[in-house]
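Peer 1: Here you go, one structure.
The values are calculated or read from the model by the stated rules, or taken from the named source; none is laboratory data. Predicted model, so just to flag it, every value in this text is computed and none were measured. Reconstructed Cβ throughout: ideal geometry from the backbone, glycine too, with neighbour counts over all protein chains shown. To get the accessible areas, we keep the full protein, side chains included, count just its heavy atoms, and leave off ligands, DNA and RNA. Shrake-Rupley method; radii C 1.70, N 1.55, O 1.52, S 1.80 Å.
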Amino acid sequence: MIQKFSLYIFITLLSIQSLQANQILVPMDEEQSNHLKAYGVTYWILEKEIPVDWLLNYRGGSFMVESKQSIINELIIRGVSYEIISDAAANNLLDEIASPSSNKDAMRLDKVPNIAVYSPKSKQPWDDAVTLVLTYAEIPYDVIFDDEIMTEGLSEYDWLHLHHEDFTGQYGKFYRSYANQPWYIEQQKEYEAMAKKHGFRKVSQLKLAITQKIRSFVNKGGFLFAMCSATDTYDIALSAAGVDIAARMYDGDPPDPNAQEKLDYKQTLAFEDFKLEMNPLEYEYSNIDQNQIDRPGIKEGNDFFTLFEFSAKWDPIPTMLTQNHEKLVKGFMGQTTAYKKSLIKPDVVILGENASINEARYIHGIFGKGFWTFYGGHDPEDYQHFVGEPPTDLNLHPNSPGYRLILNNILFPAAKKKKKKT
């Protein structure tokens, strides 16, 4: 009996020693059962102050971390595929990745980013793809809005997502279709009260102040991510500082007839030389957006965009942002679906495009000490999302390439180049 107990202890200790001498590889290629929750587990590991290696261009951008039973348990609970490899195999893999002939690299993730979502508190998580995927991946975030930003609350965060906001103060230009809807009337009252609270006569003036504070956040080293109409309206608002571009039904007086000539493109992050859509009943803000007229013959069955492949060693940031198990991603529509390439500033990096119709879908840039990423469309797994439609069930799309691009941006602030062992 004593001998059996001693043998049990020996095997247990040997198992623990073996576990400690191994690495966990979380593959992100086609072998992964749940790509989206893999990001959530990686975030959870970083919360435990355990560093993770992000293996760029290796099996779809896989993750590797020292083997711990608690991590294995969490992977199992969340349904994320993993492999156990020896330290020797892990070192050989890192040597292979570090080779100058290999378009791969290892980025060390060691700081969990604090995440904020700029959104009205009344919005539900499924109103927005980012909050939807953060909730599904079990990545914590705070919802903040005008009050927090106007009182310098952004300083508490590393990463900010802009919900599908209209920063021009035109309430999404929904007037023609929804002006008599209770939710539209209530939103207008709520926004006007918020503007008055912070000392502004118009909603557009408050939104301009918000965009400028967000730009300062990025300039000081923050990370900004936005989708759909929060992308182009953000830049339009910056360019139109001090210029009235809103019609009477939106702010009580007519717009400046010379608004177009007064735009200052030097203030924007991504776009230049665009033309405003001054018709208050037209569901567009400017010609930045590739609308259906600009996309002849494009429909759900043939709408795709291609992710560029970057040099992992020389262009690590765009490489991180484009990690995926598929390079051809299904397109999806939104109030702002895509961007005319001719209106994108020359220093902006295009991460994904549909070259056949000369549109960019996914773009990135640097501003001051910080970074921003704009992603066209509303919901990567709902081709044409309408107001009031039910939420997308991500349990049906755990391997969504389109949603993966959002989560690449979540982990990007935690990364730094891994130092090679000497």
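Peer 1: Place a +1 charge on the Cβ of each Lys and Arg in the chain and a -1 charge on the Cβ of each Asp and Glu, then give the dipole magnitude about the Cα centre in debye, rounded to the nearest 20.
Peer 2: 1060
Peer 1: Please list, ordered by chain and number, the residues whose modelled amide H lies under 5 Å from the amide H of V143; skip anything fewer than 5 residues away on the same chain.
Peer 2: For V143, the qualifying residues are V117.
Peer 1: Another one. With contacts defined as alpha carbon pairs under 8 Å and 6 or more residues apart, what's the relative contact order of the chain in percent?
Peer 2: It comes to 18 percent, rounded to a whole number.
Peer 1: Would you grab the residues whose amide H sits under 5 Å from the one on E165? Only those 5+ places off in sequence or on another chain, please, with H modelled 1.01 Å from N.
Peer 2: A230
Peer 1: What shape does region 109-226 have by the C-alpha gyration tensor, where a ≥ b ≥ c are the square roots of the eigenvalues, rounded means a/c under 1.5, and otherwise prolate means a/b greater than b/c and oblate the rest?
Peer 2: Note, shape of region 109-226 comes out oblate.
Peer 1: Here's a follow-up. Over region 183-292, with the other protein chains present, what is the accessible area per residue in square angstrom, probe 1.4 angstrom?
Peer 2: 43
Peer 1: Now a separate question. Mean residue ellipticity at 222 nm from the helices of the chain, using -39,500 (n - 2.57) per DSSP H segment of n ≥ 4 over the full residue count, to the nearest 500 deg cm²/dmol?
Peer 2: -10000 deg cm²/dmol
Peer 1: How much of the accessible area of the chain, in percent, comes from carbon and sulfur atoms when a 1.4 Å probe is used?
Peer 2: 53
Peer 1: Test of understanding: express the Cα radius of gyration of the chain as a ratio to 2.2 N^0.38 Å, with N the residue count.
Peer 2: That works out to 1.07 for the chain.
Peer 1: Something else about it: Report the per residue volume, in Å³, of the convex hull enclosing the C-alpha atoms of region 47-193.
Peer 2: Output value, Cα hull per residue: 177 Å³.
Peer 1: Could you order peptides 47-53, 227-233 by the average number of other Cβ atoms within 10 Å of their residues, highest first?
Peer 2: 227-233, 47-53
Peer 1: With the cut-off at 31 Å, tell me which of the pairs K189/K330; K275/K313; K173/K196 have Cα atoms farther apart than that.
Peer 2: Pairs exceeding 31 Å: K189/K330; K275/K313.
Peer 1: How much of the DSSP beta bridge set in the chain is antiparallel, as a percent to the nearest 5?
Peer 2: Approximately 70 percent, going by the DSSP bridge assignments.
Peer 1: Moving on. How far is the Cα center of region 153-199 from the Cα center of region 242-269, in Å?
Peer 2: Their Cα centres are 17 Å away from one another.
Peer 1: Pop out the ³J(HN,Hα) list for region 61-70 in order, Karplus 6.51 cos²θ - 1.76 cosθ + 1.60 with θ = phi - 60°, rounded to Hz; leave Gly and Pro as x.
Peer 2: For region 61-70, the Karplus-derived couplings read x, 6, 10, 9, 8, 4, 6, 9, 4, 5 Hz, x marking Gly and Pro.
Peer 1: Once phi is turned into θ = phi - 60°, what whole-Hz ³J(HN,Hα) does the Karplus curve with 6.51, -1.76 and 1.60 give for every residue of region 369-381, x standing for Gly and Pro?
Peer 2: The phi angles translate into 8, x, 9, 9, 9, 10, 9, x, x, 9, 9, x, 10 Hz.
Peer 1: Tell me whether region 140-290 comes out rounded, prolate or oblate; compute the Cα gyration tensor, take square roots of the eigenvalues as a ≥ b ≥ c, and use a/c under 1.5 as the rounded threshold.
Peer 2: oblate
Peer 1: In whole Hz and in residue order, list the ³J(HN,Hα) couplings for region 316-322 that follow from phi through the Karplus curve 6.51 cos²θ - 1.76 cosθ + 1.60, θ = phi - 60°; x for Gly and Pro.
Peer 2: 3J(HN,Hα) across region 316-322, in whole Hz: x, 5, x, 5, 4, 6, 10.
Peer 1: I've got another one for you. Can you find, among F200, I236, F274, the residue farthest towards the positive end of the dipole of region 197-280? Put +1 on the C-beta of Lys and Arg, -1 on that of Asp and Glu.
Peer 2: It is F200, whose Cα lies furthest towards the positive end.
Peer 1: Could you name the aspartates and glutamates whose alpha carbon sits less than 13 Å from that of K121, not counting residues in the same chain fewer than 8 places away?
Peer 2: D142, D146, D147, E148, E165, E190
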